[in-house]
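Down below is the structure, laid out as structure tokens.
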Amino acid sequence: NKKLVALTKTDNLKSLQKTDSIKSLQKAVGAVADNIWGADTDKRIRVVMAASSYAGTKFPFGIKYTQTVVGTRADGIWGSNSRAAHDETVKKVQRALADLGFYSGKIDGIWGSDTTAGYTAARKKFKR
């Protein structure tokens, strides 16, 4: 009986950690933290990836939208404040992906191939 109780507590803890990690990923990109990797969560993460120099610093939904995702003033100018907010957002995404077990690289705020691989693997597992 004690083993069953311990197993149940461990399973619940793992489940809670997974749920919190998904929420952390959503919070990192300004999505509603509902534990559902839906279209809005995915769009926001893709916008952060697109704005990285790794992906060519692109803005598929406009600079202002990207600025709202990374949490800076949406003035339509991708300057130093926007880049700094982007890099902080990438760090948060990297931490959340690491918590999920999909990223083992350095938490450096630089979106690169390891972050892309982590995003792709997490997306494959959690996206609805």
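The values are calculated or read from the model by the stated rules, or taken from the named source; none is laboratory data. In this text the structure is predicted, and so the values were computed from the model without any measurement. Virtual Cβ from ideal backbone geometry, glycine too; neighbours counted across all protein chains shown. SASA here: full protein model, heavy atoms, side chains in, ligands and nucleic acids out. Shrake-Rupley method; radii C 1.70, N 1.55, O 1.52, S 1.80 Å.
Here are a few things to note about the model shown:
- Some residue of the range 59-75 being buried (at least 19 other Cβ atoms within 10 Å of the Cβ) and part of a loop (DSSP other than H, G, I, E, B): yes
- Among (1) open to solvent by 80 Å² or more (accessible area, probe 1.4 Å); (2) touching a residue at least 60 places away in the same chain (Cβ under 8 Å); (3) farther than 20 Å from Asp34 by Cβ - the single one Asp114 does not satisfy: (2)
- Answer residue from the range 17-39, given it is closer than 13 Å to Leu100 by Cβ and either at pLDDT below 85 or assigned to a loop (DSSP other than H, G, I, E, B) (or both) and is least open to solvent (accessible area, probe 1.4 Å) among those: Ser21
- Scanning the range 88-128 for residues that are in a helix (DSSP H, G or I), touching a Phe, Trp or Tyr at 6+ places or on another chain (Cβ under 9 Å) and not basic (Lys, Arg) yields a count of 17.
- The combined condition, being out of contact with any Pro (no Cβ under 7 Å at 6 or more places or on another chain) and surrounded by fewer than 14 Cβ atoms within 10 Å (Cβ to Cβ), is not fulfilled by Ser52.
- Lone qualifier among Tyr119, Tyr54 - being in contact with a helix residue (DSSP H, G or I) (Cβ under 7 Å, 6 or more places away or on another chain), touching a residue at least 60 places away in the same chain (Cβ under 8 Å) and among the aromatic types (Phe, Trp, Tyr): Tyr119
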